[in-house]
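Undergrad: One structure coming up, written as structure tokens, with questions to follow.
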Amino acid sequence: MQPSLEKLHKYFNLEAKRRYDNHAVVGGLDKILQAWESDARADNLPEEMIRAVISTLDKYPSQQPEERVQTLKDLWQFIQTGRKGGVRPFQPAPNKSEANSSVPPPAVTRKQFPEPHQTRKTREILRHESLPVPPSRSFKKIIGTGDTGNLGLNAPLTVIQGIGPQIAKTLETLGLHNLRDLLYYFPRRYNDYSSLKPINRLVYGEVVTVIGTIQNVSTRQLPDRHLSLTEAILGDGTGSLRLTWFNQPWIANQLRPGMPISVSGKINQYLGRLMISNPAWDPIAQEQINTNRIVPVYRLTAGISQQRLGNIIKQFVSYGALQVDDYLPSTTRQAANLMGLSQALVQAHSPDSAEQLKAACERLAFDEIFMLQLGVLQQKLDWQSAVAKTYTMPEEWYQNQLSRLPYQLTGAQLKTMDEIRTDLASGHPMNRLIQGDVGSGKTVVAALAMSIIACSGAQAAFMAPTSILAEQHYRTLLRLLAANPEDNSEQPLDTTQIKLLLGDTPEAEKETIREGLADGTIKIVVGTHALIEDPISFSHLQLVVVDEQHRFGVEQRAALRLKGENPHLLVMTATPIPRSLALTVYGDLDLSVMDEMPAGRQIIETHILYPSERERAYSLIKSEVNQGHQAFIIYPLIEQGENEEVPAAVEEHARMQKEIFPHLQIGLLHGRLKPEEKDEVMKRFRDNQNAVLVSTSVVEVGVDVPNATVMLVEGANRFGLAQLHQFRGRVGRGDAKSYCLLIPENEGAAENERLYAMAETNDGFVLAQKDLEQRGPGDFLGTRQSGFAELEMATLSDIRLIEKARVQAQAIFNLDPYLVQPEHEQLAIKLKELWRKGKGDVS
Ligand code: ADP
Ligand code: MG
């Protein structure tokens, strides 16, 4: 293979390994083109091959990873067949046209949709041409027959002229069912083609719009008969610019010499001269949709092109947006300095400028957070106005309990307990979230809360996501709260009053538990989903505790609550999120933050190792195991895919067993095991039957194996800091010194930088904040949002916006919590639309 092709091949492979993230080359794959072109010439590669590579790779950075797979595959196939002189076609992957480049003209044309909204620039350009500006028409007319009945924006898409049942069906797969959906179908991103330049001032690499006149145009078949190259020369009086389109021969029929057009794209170089390959273009005589502005790029599906969808939306939005009432009170809009809703919708789909676009996004994102916040505030009020039984125990009793514990509670634990005791005595259902870093000691707080209920004669249920965790909690509760009936120690409960219910609890025992819960002799039950799946009923369930709450769905938490009558609720999470975010997402819950670790907690020594230093990690594990300790080794994947070089659990487990630790029994844990199998593996590790456990991220949840002292994470760059912190929290739970070793995939990759934060701090909140800034909220939210429509525009990492929206929501809420005043009528309607009411539970 020629060196230039060899080079390409290497880059393509690297891209594949990196899952097409366009980082194989620093700055992006298109950065190689200039140098590559001369190499390719030196290698005497056929001209069309060079052009194909340049024009294809030029688009590469702007594509989505899914599209890139096909792009590289096609391109390589083309190169292959070209080398052998074969005739296999090079077909650009379908449906990835960004503008009007690779699709025939759309069926919906501007003639059907008169266009009153022209961008400022277009109008300037048009000023000198005496083209008639089409008269604006009413909304009724634009939607053809005007027959939306009384549906308004709820009318189906087919009321739009040019949308037949076929396209409507295609659009449904994008979730577009009615006119409103179309208004709120926001672009995935934008191509900024708003910079307009004369040809003599173009600079290589910039993205611009050029307006000029076609001087000549031609299409040639390339030697491979399936390939065509359309070339045009554009002149603007200051110079001329070559334009090329690959495999889009119809463009030659649309362009004529003398025709004024505008073209947009990235300025490239070919044979030392500037050119644009595959530019988007518009005739000057029509409104510029694909060029000379910030062009929206929508998510597509098979059967609809970017241009077609863009056209439909653009034409509709300029009318449809005017049909939308701005539900935000003008006081709020002014206070938060927001753009009007109609204008924001228009600008989001067809921005006049970057500033306008920014203001539009701000407005739309504000609304999402604002509505989310109003909804949770209402839910909180619902809770607070419900009535619950009060539970108080004398102070002396409480102090007695504290003194019986094997350790002193931390300040944060005591504070949280005070809050819980106040809630339980308030006469309203407690609805509290304990947010506490891994190891901050949430379980004992839950245990004390349960003992208050149990010692008052009522019942408490404690639900955990896995049976190993439930079992762990069960043993903790027995230790902290219960004495053996034969003992005459002073524990508040005895062992018969606390029970464990799991899916695989023997039926006879389940039956006994059912009876004990129904007649009230059992005071505390700990379990997994079995607590909601089993037909148990309680005589008097008054406290529900949910551990690792993000692991449960809204419905599951609600199902457990429904087994009692307005019970108090305590949910716990080890996922630390910044306060303003917590107040928004968990705004209906009262928040107790446990930000203090029990005294004497040792710092876990954290190191970032390079792949070449892996042996050091293995020797540490060996030496720890020799001292009787245990180690976790985490991998990002279960099994290796094809072409993958990412280390994966299954393969590495086999390798470790055979080559590295042949004398040890190594456990293997991953998400494809059945829940019982997972539990079995975890139990064996907990009981030290396996000194080393190879696992994927499933090991994350709060399992306590105090004997484990090493946490080794492979492919550490693939995990968020908050998650790495959770992994690290699996060790250092006993007395022995513990280690966390992080091995990223590539030595010296810039992204490894962020891993050093792990070595710098042990504070989960700090790491979570960093994570949020770097990676966005990701799975912070779990199923939390399921009562609310998706956030489209807002990113939960924008703390400034969240804070702003929260303040405004609180202000309205203070005035009119249920939005019954006439000026809030529209707002109430919109809120109802967004919150699937009735279904939403609070936790
Ligand atoms: P998490 O908040 O992650 O659920 P746990 O409740 O599992 O943490 O507690 C972690 C460990 O800390 C347990 O072994 C527990 O016994 C211990 N622990 C909890 N509170 C204290 C304390 N105040 N002082 C000392 N050790 C504590
Ligand atoms: Mg826990």
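The values are calculated or read from the model by the stated rules, or taken from the named source; none is laboratory data. Computed from a predicted structure; not experimentally measured. Don't worry about glycine lacking a Cβ; one is built from the backbone with ideal geometry, like all the others, and counts go over all protein chains shown. Just the protein is used for accessible areas: all its heavy atoms, side chains included, with ligands, DNA and RNA removed. Shrake-Rupley method; radii C 1.70, N 1.55, O 1.52, S 1.80 Å.
Undergrad: Angle between the Cα long axis of helix 442-455 and the longest principal axis of the chain, 0 to 90 degrees, nearest 10?
TA: Once rounded, one gets 50 degrees.
Undergrad: Then there's this: I'd like to compare 437-443, 17-23, 590-596: which one has the highest average count of other Cβ atoms within 10 Å, and what's the full order after that? Kindly include the intermediate steps, with their values, before the conclusion.
TA: Numbers: 437-443: 22.4, 17-23: 16.4, 590-596: 18.4.
So the peptides 437-443, 17-23, 590-596, ranked by packing, come out 437-443, 590-596, 17-23.
Undergrad: Give me, ordered by chain and number, the residues 5 or more places off residue 190 or on other chains with an amide H under 5 Å from its own placed amide H.
TA: Those lying under 5 Å, H to H, from residue 190 are 297.
Undergrad: Quick query: amide H of residue 608 versus all other amide H atoms, modeled in the peptide plane; which residues come in under 5 Å with a sequence gap of 5 or more or a different chain?
TA: For residue 608, whose amide H was placed from the backbone, the distant partners under 5 Å are 742.
Undergrad: What whole-number value in Å² describes the accessible area per residue of the chain for a 1.4 Å probe?
TA: Heavy-atom accessible area per residue stands at 42 Å².
Undergrad: Given the C-alpha centroids of region 327-391 and region 613-687, what is the distance between them in whole angstrom?
TA: 48 Å
Undergrad: Projecting each Cα onto the charge dipole of the chain (Lys/Arg +1, Asp/Glu -1 at the beta carbon, about the Cα centre), which of 811, 318, 452 comes out farthest on the positive side?
TA: Farthest towards the positive pole: 318.
Undergrad: Whole-Hz Karplus ³J(HN,Hα) for region 525-536, in order, using 6.51 cos²θ - 1.76 cosθ + 1.60 and θ = phi - 60°, x for Gly and Pro?
TA: Computed from phi, the couplings for region 525-536 are 10, 10, x, 9, 4, 3, 4, 9, 7, 6, x, 7 Hz.
Undergrad: Give a residue-ordered list of calculated ³J(HN,Hα) values for region 555-565 (Karplus: 6.51 cos²θ - 1.76 cosθ + 1.60, θ = phi - 60°; whole Hz; x for Gly, Pro).
TA: 5, 5, 5, 5, 4, 5, 4, 5, 6, x, 10
Undergrad: Between residue 645 and residue 2, what length in nm is gained on full extension when 0.36 nm per residue of separation is reduced by their alpha carbon distance?
TA: 228.9 nm
Undergrad: Taking the Cα centre of the chain as the origin, how large is its charge dipole in debye, to the nearest 20, when only Lys and Arg (+1) and Asp and Glu (-1) carry charge on their Cβ atoms? Don't skip to the end; give the middle numbers.
TA: On the way: 90 positive and 100 negative charges, 623 e Å.
It comes to approximately 3000 debye.
Undergrad: Can you give me the % of accessible surface on the chain that is carbon or sulfur? Probe 1.4 Å, all protein chains present, nothing else counted. Write out the running numbers ahead of the final one.
TA: Details: 17840 of 35530 Å².
So the carbon and sulfur contribution to the accessible surface is 50 percent.
Undergrad: Mind ordering 299-307, 762-770 by average Cβ neighbours within 10 Å, highest first? If you can, show how the numbers build up before the last one.
TA: On the way: 299-307: 17.6, 762-770: 20.1.
In decreasing order of mean packing, 299-307, 762-770 become 762-770, 299-307.
Undergrad: Against the longest principal axis of the chain, how steep is helix 3-17, in degrees 0 to 90 to the nearest 10, with axes from Cα atoms?
TA: Around 40 degrees separate the two axes.
Undergrad: Let me spell out the model: positive unit charges on the Cβ of Lys and Arg, negative unit charges on the Cβ of Asp and Glu, origin at the Cα centre of region 490-640. What dipole size does that give, in debye rounded to 20?
TA: On the way: 13 positive and 23 negative charges, 71 e Å.
For this selection, approximately 340 debye.
Undergrad: Another question about this same structure. Just want the answer: with Cβ charges of +1 for Lys and Arg and -1 for Asp and Glu, which residue in 826, 540, 184 is farthest toward the dipole's positive end in the chain?
TA: About the Cα centre, the residue reaching furthest to the positive side is 184.
Undergrad: What list of ³J(HN,Hα) values in whole Hz, one per residue of region 44-51 in order, does the Karplus curve 6.51 cos²θ - 1.76 cosθ + 1.60 (θ = phi - 60°) give from phi, with Gly and Pro shown as x?
TA: These are the phi-based 3J(HN,Hα) values: 6, 5, x, 3, 5, 5, 4, 5 Hz.
Undergrad: Give me, ordered by chain and number, the residues 5 or more places off residue 196 or on other chains with an amide H under 5 Å from its own placed amide H.
TA: 209
Undergrad: Additional query: Give me the number: length gained by fully extending residue 161 to residue 626, i.e. 0.36 nm times residue separation minus the C-alpha to C-alpha distance, one decimal in nm.
TA: On the way: separation 465, 0.36 × 465 = 167.40 nm, distance 7.67 nm.
Fully extending the segment from residue 161 to residue 626 adds 159.7 nm.
Undergrad: Take peptides 522-531, 361-370 and line them up by average Cβ neighbours within 10 Å, highest first, as a rough protection proxy.
TA: The most tightly packed comes first, giving 522-531, 361-370.
Undergrad: Just name one of 681, 373, 556: the one whose Cα is farthest towards the positive end of the charge dipole of the chain (beta-carbon charges, Lys/Arg +1, Asp/Glu -1).
TA: About the Cα centre, the residue reaching furthest to the positive side is 373.
Undergrad: Something else now. Given the rule -39500 (n - 2.57) for each run of at least 4 DSSP H residues, summed and divided by the residues of the chain, what is its mean residue ellipticity at 222 nm, to the nearest 500 deg cm²/dmol? Numbers along the way, then the final one.
TA: Details: 29 runs with 319 residues, N = 843.
That comes out to -11500 deg cm²/dmol.
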